[in-house]
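The values are calculated or read from the model by the stated rules, or taken from the named source; none is laboratory data. For clarity, every value in this text was computed on a predicted model and none was experimentally measured. Virtual Cβ from ideal backbone geometry, glycine too; neighbours counted across all protein chains shown.
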Amino acid sequence: MSSSSARAPDSVVADADALARKVAAIRAAGPAKLQVISDFDGTLTRYWYDGSRGQSSHGLLRQGNEEFDAKREALFEHYHPIEINPDIPLLEKAKLMEEWWGKTHGLLIEGGLTQNAIKKSVADAAIAFRDGVVELFEFLEARDIPVLVFSAGLADIIEEVFRQKLHRSFKNIKIVSNRMVFNEEGSLVAFKGKTIHVLNKNEHSLDMAAPVHDSLGDPNGSIDDYSLVKKRTNVLLLGDHIGDLGMSDGLNYENRIAAGFLNTNIEKSLKDYSKAFDIVYLNDASMRGVVELVSDLCP
Ligand SMILES: [Mg+2]
């Protein structure tokens with residue numbers, strides 16, 4: 001493993017030659033061939049916030065109705081152990097995850113979620129982007145490199161986090177996640193399209209990107225020609241779980257550099273992470289390493 005030797009490393013690269021080859025190939029093809037695919041929670045956002053676990057885009061939501069917040073919490077207590085149980089077959093688990101997401105979405109509608117409750121939840125939330133995220137987005141925007149953010153959370157919340165925490169929008173960023181439909185009074189009445197849950201955000205993510213890219217209310221611009229995204233055959237993928245690697249499954253890529261944030265359980269997981277990702281950033285790292293990496297890809 002190569003890393004700066006004496007001090008504790010911030011990042012680990014298991015196969016430096018392989019990474020160097022990919023960097024050279026992507027650089028030679030140029031920025032017009034590159035796209036970035038990123039997970040949201042724990043990847044763009046920090047794992048820790050003020051010494052405790054940061055909130056996820058799902059976890060931060062307060063419906064403004066305690067009874068329904070408690071009901072969603074009860075669903076979490078029931079289904080989360082299923083989500084992390086390795087002994088449940090994948091197909092069965094996917095069905096149960098769909099059930100969980102369906103019930104949660106139902107409670108959000110039934111309990112009367114409003115756009116104002118989303119704004120307030122985000123304002124009160126323990127959630128922050130990693131340092132360097134704005135630099136990364138600015139660098140990519142200046143070179144017209146699209147960023148697709150895939151999440152099994154809620155697009156409307158993630159977009160509100162972008163609005164409140166970044167204070168600006170980026171025309172090259174697109175959120176692919178579960179999208180809400182509000183009525184004229186600003187109350188949630190439905191969800192759009194197919195449910196994206198933890199187990200299918202991977203397989204279908206790129207195909208699900210198509211119908212949402214022209215939706216309204218996205219503070220970031222739309223990616224004008226979706227087919228162009230598919231023509232960008234070099235990928236920088238950012239994730240914090242090995243399962244995030246599946247986000248590029250819908251794409252017939254030529255070169256992929258996968259960068260992983262290993263936020264917790266480092267000793268236990270480093271071996272698997274350094275096999276799965278070309279580069280692993282340790283200890284809830286900043287985004288600066290990725291900024292350096294893209295500077296290498298697009299000098
Ligand atoms: Mg994540």
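Tabulated data
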| quantity | calculated |
| --- | --- |
| Scan of the stretch 15-53 for residues that are in contact with a strand residue (DSSP E or B) (Cβ under 8 Å, 6 or more places away or on another chain) and either more than 13 Å from the ligand (Cβ to nearest atom) or farther than 19 Å from Val134 by Cα (or both), ordered by number | Ala16, Leu19, Lys22, Val23, Ala25, Ile26, Ala29, Lys33, Leu34, Gln35, Val36 |
| Scan of the stretch 130-140 for residues that are touching a residue at least 60 places away in the same chain (Cβ under 8 Å) and surrounded by fewer than 19 Cβ atoms within 10 Å (Cβ to Cβ), ordered by number | Asp131, Gly132, Glu135, Phe139 |
| Residue satisfying all of: in the stretch 54-93; buried (at least 17 other Cβ atoms within 10 Å of the Cβ) and aromatic (Phe, Trp, Tyr); farthest from the ligand (Cβ to nearest atom) among these | Phe68 |
| Qualifying residue in the stretch 98-110 (condition: closer than 27 Å to Asn265 by Cα and more than 20 Å from the chain's Cα centre (by Cα)) | no |
| Contacts under 8 angstrom Cβ, first residue in the stretch 30-43 being farther than 17 Å from Tyr281 by Cβ and part of a strand (DSSP E or B), partner within 16 Å of the ligand (Cβ to nearest atom) and among the small types (Gly, Ala, Ser), 6 or more apart | none |
| Enumeration of residues in the stretch 8-55 that are touching a Lys or Arg at 6+ places or on another chain (Cβ under 7 Å) and among the small types (Gly, Ala, Ser) | Ala14, Gly54 |
| Given (1) in contact (Cβ under 8 Å) with a residue 60 or more places away in the chain; (2) part of a loop (DSSP other than H, G, I, E, B); (3) not β-branched (Val, Ile, Thr), number of the condition Leu19 does not satisfy | (2) |
| Single residue of Ala94, Ala123, Ala152, Ala117 found to be within 17 Å of the chain's Cα centre (by Cα) and in contact (Cβ under 8 Å) with a residue 24 or more places away in the chain | Ala152 |
| Looking only at the stretch 227-262, and only at residues there that are more than 16 Å from the ligand (Cβ to nearest atom) and of a type in the set (Gly, Ala, Ser), the one that is nearest to the chain's Cα centre (by Cα) | Gly250 |
| Filter pass, Glu66 being on the phi < 0 side of the Ramachandran plot, among the acidic types (Asp, Glu), at pLDDT below 95 and out of contact with any helix residue (DSSP H, G or I) (no Cβ under 7 Å at 6 or more places or on another chain) | yes |
| The listed residue being under 25 Å from Gly243 (Cβ atoms), out of contact with any helix residue (DSSP H, G or I) (no Cβ under 7 Å at 6 or more places or on another chain) and not assigned by TED's automatic domain parsing to the domain that holds Val149, out of Ile84, Ile88 | Ile84 |
